[in-house]
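All remarks here apply to the structure that follows.
The values are calculated or read from the model by the stated rules, or taken from the named source; none is laboratory data. In this text, all values refer to a predicted model and were calculated from it rather than measured experimentally. Reconstructed Cβ throughout: ideal geometry from the backbone, glycine too, with neighbour counts over all protein chains shown.
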């Protein structure tokens, strides 16, 4: 039915008001730290297979996550609190992300709750969002401090815990490498704090993504503790270190990621024995699990571990979607069964 001019103007004005309201709501959402996260359950790690065992790992479950908050995504690293629910993460856009995981009746991941995203501050308290100066790639929790490793403007800054969300960086841990030795977007993505009972005695380890020495190994260093000093990581092909976490016995689980046009996305986890993590060494170890696009992976950048109430070791991985519609925000959880034999043929490969 044809509308009269006044009726049309009324409807048109209403539409404009609604559009303005929605725009205001979107703006307000972008400004608030709260981020609603919607999750889809991932039940199988290998696409098209019900297999749960992958070498020494048992797949527990996973999530694919989206949010209407424009800041959600680009998750580079994650660390869980002692309650094994609440977490602290960093985004490479210069933001903190905090929240907690939720679990279903079977104990598997079911979603995220209480997620908040807040801008990080530099050493003078300024908010400088973006990759140029606040390209946060790794995070660790230590002695009432949150440690963050940054690429491009390479450094490791310390923030107070609690209070890091609104605080400036209080101090910086010196990195024993000249900045010119480090590639702009291939710096120290991995930062991990060792157990106090391990040979490193709580020392902080950093590992570069793809800043390589003359022998083709990635730069690494122990920044503090009794074994403070330089070391390196054996680097193979197109796999680069993106995160790592220590096991209770002092061994390191190192997450490595591959991306090239010929082979596409890949990820693997290498286990490095505690005895091999010392000044002057070239760290290397057994590949425990490896996956490509035949598995539920994406740009895997974050890894953390914790010991569950039943004594089992859990490993959680997260991906960085780079705010791209072609990539996904994933969280995957595994149990590491120390009694299991080495890697299975389809999920691991020799160097």
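State whether one or more residues within segment 322-331 are under 30 Å from residue 226 (Cβ atoms) and in a strand (DSSP E or B).
So the first thing to find is which residues in segment 322-331 are under 30 Å from residue 226 (Cβ atoms), and the list is none.
No.
Could you say whether any residue in segment 274-283 is in contact with a strand residue (DSSP E or B) (Cβ under 7 Å, 6 or more places away or on another chain), at pLDDT below 95 and either over 21 Å from residue 135 (Cβ atoms) or part of a strand (DSSP E or B) (or both)?
No, every residue in segment 274-283 fails to be in contact with a strand residue (DSSP E or B) (Cβ under 7 Å, 6 or more places away or on another chain), at pLDDT below 95 and either over 21 Å from residue 135 (Cβ atoms) or part of a strand (DSSP E or B) (or both).
Considering only segment 43-56, I want to know if a residue exists there that is buried (at least 22 other Cβ atoms within 10 Å of the Cβ) and either outside the structural domain of residue 137 (by TED's automatic domain parsing) or in a strand (DSSP E or B) (or both). Talk me through it step by step, then tell me what you get.
Filtering segment 43-56 for residues buried (at least 22 other Cβ atoms within 10 Å of the Cβ) gives 45, 54-56.
Filter again for either outside the structural domain of residue 137 (by TED's automatic domain parsing) or in a strand (DSSP E or B) (or both), leaving 54.
Yes, segment 43-56 contains a residue that is buried (at least 22 other Cβ atoms within 10 Å of the Cβ) and either outside the structural domain of residue 137 (by TED's automatic domain parsing) or in a strand (DSSP E or B) (or both).
Got at least one residue in segment 7-28 being surrounded by 13 or more Cβ atoms within 10 Å (Cβ to Cβ) and either outside the structural domain of residue 269 (by TED's automatic domain parsing) or modelled with pLDDT under 95 (or both)?
To start, the set of residues in segment 7-28 that are surrounded by 13 or more Cβ atoms within 10 Å (Cβ to Cβ) comprises 26.
Retained after the next criterion (residues that are either outside the structural domain of residue 269 (by TED's automatic domain parsing) or modelled with pLDDT under 95 (or both)): 26.
Taking every residue of segment 7-28 in turn, at least one turns out to be surrounded by 13 or more Cβ atoms within 10 Å (Cβ to Cβ) and either outside the structural domain of residue 269 (by TED's automatic domain parsing) or modelled with pLDDT under 95 (or both).
Against the conditions (1) outside any strand (DSSP E or B); (2) buried (at least 16 other Cβ atoms within 10 Å of the Cβ); (3) touching a residue at least 40 places away in the same chain (Cβ under 8 Å), where does residue 225 fall short? Just the number, please.
(3)
Within segment 193-203, does at least one residue satisfy the condition of being without any contact (Cβ under 8 Å) to a residue 60 or more places away in the chain, in a strand (DSSP E or B) and assigned by TED's automatic domain parsing to the domain that holds residue 143?
yes
For residue 188, all conditions in the list (1) within 26 Å of residue 82 (Cβ to Cβ); (2) in contact (Cβ under 8 Å) with a residue 60 or more places away in the chain; (3) in contact with a strand residue (DSSP E or B) (Cβ under 7 Å, 6 or more places away or on another chain) hold save one; what is the number of the exception?
Failed condition: (2).
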